1. In segment 102-131, which residues are acidic (Asp, Glu) and at pLDDT below 85?
2. For segment 339-349, give me each residue that is buried (at least 23 other Cβ atoms within 10 Å of the Cβ) and in a helix (DSSP H, G or I).
3. Where in segment 431-541 are there helices (runs of 4 or more DSSP H), lying fully within it, with 1 or more residues that are at pLDDT 90 or above, among the polar types (S, T, N, Q) and under 28 Å from the mean Cα position of the chain (by Cα)?
4. Exactly one of (1) among the hydroxyl-bearing types (Ser, Thr, Tyr); (2) in contact with a helix residue (DSSP H, G or I) (Cβ under 6 Å, 6 or more places away or on another chain); (3) under 30 Å from residue 237 (Cβ atoms) is unmet by residue 445. Its number?
5. Could you list all residues from segment 422-445 that are farther than 20 Å from residue 337 by Cβ and not small (Gly, Ala, Ser)?
6. When you look at residue 547, is it among the hydroxyl-bearing types (Ser, Thr, Tyr), crowded, with 20+ Cβ neighbours inside 10 Å and either touching a strand residue (DSSP E or B) at 6+ places or on another chain (Cβ under 7 Å) or farther than 18 Å from residue 227 by Cβ (or both), yes or no?
7. When segment 309-340 is examined, which residues are found to be hydroxyl-bearing (Ser, Thr, Tyr) and touching a Lys or Arg at 6+ places or on another chain (Cβ under 9 Å)?
8. Give me the residue from segment 479-502 that is within 16 Å of residue 519 (Cβ to Cβ) and in contact with a helix residue (DSSP H, G or I) (Cβ under 9 Å, 6 or more places away or on another chain) and, out of that set, surrounded by the most Cβ atoms within 10 Å (Cβ to Cβ).
Amino acid sequence: MNIFLFMTLLLIQRSHGVIYELNDTEYNKMPPVFHLEAYGSCVHEPGGVYCTVELKLVSDGPSELMTMIEEYSLRREMHFNHSRLHRGVCVTRTCKDYLSQNTSADLHLVLEGCLNDTFWKQYKLKSKLTTEVLCNDLDNKVDIDYGDIAVAVICLAILMLNIVGSLYDFLFLSHNESNGNKFLMCFSIRCNWKRLVACSTDGPDSRLRRLKGLNGLRAISIIIVIMEHSILPFVISPDDAHEFERKYYNIIYHVLIDGALVIQTFFVMSGCLLSYNLQLHAEKRHMNWTMIPKGIIRRWLRLTPSYAVVLAITTTWLRFAGSGPLWQSTVGIEVKDCRRDGWLNLIYLNNYIDVSQCMPQTWYIASDMQLYAAGLIILTLATTATARKIVLSVMFVVSLIIPACHTYIQNLDAGLIISPEVARHTFFKDRNFNYSYKRGHTNLSSSILGLALGILIYNLQKNEFNVEKYKKFKLVYWATLPAMLVILPSGSFFYFFQNSPSLYLKAIYSGVARPMFGSIIVLIILGMALKLENIYRGILEWNGWTSPARISYSAYILHVLFVRSLTGTRTTLIHVSLAYIVSVF
């Protein structure tokens, strides 16, 4: 009996609970997660060296503070890991004693000894560096290489083509553009501006006008995506980590935080346009297997040039674009990874690589390219209506099972839990993002729904479907927007579990969340195409969405570059507030 009591007490002593909340007094006993010393004055003093490091707190013996840090950090869905700290240190000022003692000038040893001594004096804790030391100084200049020169020549050539094409248009073709050189007119600023702001939706087939509302869906969705990514600076370097963590307990903020399902809108639209256009094409030409490589190459040629230019600039000249205490950890790492893995982006396989931060937002472009190829193969080889129904039905069932199996077998979260720590590392180390969220095959359900939608709209138009008798269901249709606003942040339900939810529950949610949101998008597009009502349709078909929709692709591949650069050039921590988040957005 005594042995049993002893073992029970020993187990209780060694077990750790989870601290869900701390008041400010207790919270401030912990070392700040982020701290930056003065940057400008450091690097501008003679021989000044400024370094940023990530370190882990440790304790050789029992420590109440260390126990509190570990137990508070166990609430990983809403809290930073307070045992892993980010520090910006003026080495030549703060650690000058250690610098003079280290004859080898090994900054890793200097900083480890300096910070370890600092944390022991202030908190009776020790520290170990967990990442490489990233340093900035005015003498540390980056040399221009042949790749930089090649990209500069390409960009200069593009700029010259724009100038020549614009002058050619203004001086020689001001009244008759149809007789001009088509190649030069492609680079005319005036000609391209007219195309950008034109409201006409006429195409090779007037039936495409019924899909005009896709411009509104595309523009609104890209706005939401950029808004979410605008939170990145506030996660990487907040001045008040506690205030940021408190936002997670406010359900309103989860509409911003948990908008990951919005990306399913693009998969639905892409599948819908693919199947709809293929059926229009089949009216004039016979469909055969040769369309598959032609279609893939044509799409590659449409997406890649602008993508390649941004990738090339990221790989080369971006590293000269700024400096700051966070520049190397936010921008420098992306440049380094793009130099190593950028070729994978150009063949659209980067969403299956988990060790790269090269333009991470472009995982969607890779997934969409893969799903486009899969959809093209399905619709080209399954030519009859019956075959397509069978294949799409089977594929949809499979698409529900795939993410559920990933979640169950790999013990993942129910969805993409955008915790402070996950966002802090830009999803780079998150298993849910890598294994389930960004893969092409795990996003198959929305693409299949889009393919089926395109076929349905085409057949209904072909049979002159009369929507009048269905207009009594307007109230049901109007319920799609509230349903979307409920499903979009539904993943926040899993943040508030005090214990880990059932693995079966997580697997079911991961299997149905994406197709549920995709189904709502399908209903919105279908009602718009059939003119079921005029409120949602009127908003989505507003001509003002046309130009933003046309530049949405460029905005998508560029915006994270600006977010990272904005973060990297900051020399102080950023204040967390909704107003400031909106201003950054």
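The values are calculated or read from the model by the stated rules, or taken from the named source; none is laboratory data. This is a predicted model, so every value here is computed, not measured. Every residue, glycine among them, receives a Cβ derived from its backbone with ideal geometry; neighbour counts consider all protein chains shown.
1. If the condition is that a residue be acidic (Asp, Glu) and at pLDDT below 85, then 106 is the only one that fits.
2. 345
3. Per the criteria, 444-462, 480-487, 503-529.
4. Every listed condition holds for residue 445 apart from (3).
5. 432, 441, 442, 443, 444
6. Here the answer is no, as residue 547 does not meet what is asked.
7. Pass one, segment 309-340, residues hydroxyl-bearing (Ser, Thr, Tyr): 314-316, 323, 329-330.
Selection gives 315, 316, 330.
8. Across segment 479-502, the extreme among qualifying residues is 488.
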